[in-house]
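Please read the structure below before turning to the comments.
Every number in this text was worked out from the coordinates using simple rules, so none of it is lab data. Bear in mind the structure is a predicted one, so any value in this text is a computation, not a measurement. Glycine also receives a Cβ, built like all others from the backbone with ideal geometry; neighbour counts cover every protein chain displayed.
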Amino acid sequence: MIKSRIIGTGSYAPQRILSNHDLEKIVDTSDEWIATRTGIKERRIADGETTTDIAVKACKKALKSASIPPDEIDLIIAATVTSDMIFPSTACFLQSHLGIKKNIPAFDVSAACSGFLYAIDVADKYIKTNAAKNVLVVGVDVFSKIIDWHDRNTCILFGDGAGAVLLSAEKGNRGILSSHIFSNGHYWNMLYTPSNICSSPFKSSSHSHKCEEPYLKMEGNKIFKLAVQTMGEACQEALDHNNITADELAFLIPHQANARIINATAERMGLPQEKVFINLDRYGNTSAGSIPIALDELAQSGRLNKGDLLLMVAFGGGLTWGATLVKW
Ligand code: UT7
């Protein structure tokens with residue numbers, strides 16, 4: 001049976017650090033409030049770097065760690081909701097910036113903070129159907145450009161960054177064991193960013209729409225509860241599907257949105273703190289970058305052993321959510 005194995009990881013976050021104390025000078029907040037309510041201490045902010053620039057750096061590191069030259073990539077999937085342009089896709093920009101000469105498919109996946117797990121799901125299906133051998137998957141977002149920096153409810157939460165993996169077809173029992181992705185579009189207006197493209201002259205008065213400011217809008221409390229509920233359910237579905245229990249997991253790699261959401265999810269699963277990977281204190285919520293950055297840091301830390309079971313779980317705008325079980 002062919003499996004998609006993660007043979008390389010890489011990540012990159014912009015150098016500019018924005019601490020909670022820096023935010024105290026921008027909005028009415030405090031380091032104490034942010035740290036207690038979210039667990040975040042600082043985040044990285046793109047200063048002149050584009051979404052593509054950030055993604056390229058993560059991808060180059062993933063390719064290096066996989067020892068795969070760019071021309072052996074069969075497919076590029078970029079998970080992002082903050083592309084540099086409406087089109088072309090970030091994946092097409094990556095194909096160009098990585099110097100790939102082959103005419104391979106390259107496309108973006110839009111599932112906000114769940115984007116990386118959605119992209120993994122698609123990549124895994126390409127690999128299992130023999131449509132691709134090596135797939136580059138990157139999760140990247142630059143939320144600093146869609147944040148209302150006057151809104152203390154949201155501007156304290158997010159940061160910029162990217163993480164990438166190289167998935168390769170391999171026989172054996174290591175790799176992605178199962179992937180479970182979900183959405184509920186009825187809840188779209190709990191977390192969204194409107195487009196500000198309103199230039200068409202062909203707007204009849206009956207269909208005229210208000211052009212909202214292109215900033216992220218969120219109902220934090222509602223999102224919080226749904227995140228705990230749906231991430232818990234997705235984790236349980238992944239465990240049940242593979243006939244394993246939570247204590248067999250080496251690590252849970254949750255979407256890094258809020259330490260309280262992560263702790264509640266882990267508690268629900270009966271997982272001890274040391275099995276839950278957290279780096280949001282240094283990055284905040286990097287949306288699609290969140291899980292692959294965490295995965296890369298965990299892999300680089302040397303704490304992963306061959307055969308370890310890792311459960312990745314995400315939640316985001318759409319609403320979307322999902323869980324992926326990996327045998328390392
Ligand atoms: O990837 C998914 C993306 N979204 C999320 O993960 C968001 C999930 N939600 C959350 O993380 C939390 O709901 C927040 C961190 C956004 C908010 O935490 P909370 O404990 O739910 O606080 P709250 O919204 O209930 O606000 C409590 C108080 C309010 O004041 P009053 O009405 O009690 O006087 C807020 O105005 O805290 C106030 N507040 C702040 N105070 C200082 C809200 N934001 C801030 C702030 N600094 N930055």
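Just want the ordering: 222, 101, from fewest to most Cβ atoms lying within 10 Å of their own Cβ.
Values: 222 13, 101 8.
Sorted ascending by nearby Cβ count, the order is 101, 222.
So how compact is the chain: Cα radius of gyration and Dmax in angstrom?
Every Cα atom of the chain included, Rg and Dmax give 19.1, 62 Å.
Could you calculate the FRET efficiency of residue 306 with residue 96 from 1/(1 + (r/R0)^6), where r is the beta carbon distance between them and R0 is 41 Å, rounded to 0.05? Spell out each step's value before the answer.
Values: r = 35 Å, r/R0 = 0.86.
Given R0 = 41 Å and the Cβ-Cβ separation, E is 0.70.
Only bridges with both residues in the range 2-173 count here: give the DSSP antiparallel percent, nearest 5.
Working: 22 of 31 bridges.
For the range 2-173, the DSSP antiparallel bridge percentage is about 70.
Hey, for a label at residue 202 modelled as a point 7 Å past Cα toward Cβ, could you say which residues of the range 82-108 have their backbone N under 20 Å away?
Residues 87 fall inside that zone.
What order, most packed first, do the peptides 50-62, 81-93 have when packing is the mean number of other Cβ atoms within 10 Å of each residue?
On the way: 50-62: 24.1, 81-93: 19.1.
Highest-to-lowest ranking by the protection proxy: 50-62, 81-93.
Provide the packing ranking of 300-310, 231-241, i.e. peptides ordered by the mean count of other C-beta atoms within 10 Å per residue, highest first. Before the final figure, lay out each step's value.
Details: 300-310: 12.7, 231-241: 19.1.
Output ranking for 300-310, 231-241: 231-241, 300-310.
Can you list the cysteines of the chain that have no other Cys Cβ under 4.7 Å away?
59, 92, 113, 155, 235
Below 13 angstrom from the Cβ of residue 114, what's the summed charge of the other residues (Lys, Arg +1; Asp, Glu -1)? If you can, show how the numbers build up before the last one.
Details: positive: none; negative: 121, 141.
My count for the surroundings of residue 114 gives -2.
Percent of alpha carbon pairs in the range 2-173 separated by more than 30 Å?
Values: 3510 of 14706 pairs.
It works out to 24 percent of all Cα pairs.
Assign unit charges at the C-beta atoms only (+1 for Lys and Arg, -1 for Asp and Glu), then state the dipole size of the chain relative to its Cα centre in Debye, rounded to the nearest 20.
Values: 33 positive and 35 negative charges, 147 e Å.
So the magnitude is around 700 debye.
Determine, for 283, 118, 192, the number of other Cβ atoms within 10 Å of each Cβ, and report the residues in order from fewest to most. It would help to have the intermediate numbers written out before the result.
Details: 283 25, 118 28, 192 16.
Going from least to most buried by this count: 192, 283, 118.
Of the peptides 139-148, 67-76, how do they stack up when ordered by the mean number of other Cβ atoms within 10 Å, highest first?
Numbers: 139-148: 25.1, 67-76: 17.9.
Descending mean neighbour count gives 139-148, 67-76.
Looking at the chain, what % of its DSSP beta bridges pair antiparallel, to the nearest 5?
If we restrict to bridges inside the chain, about 75 percent are antiparallel.
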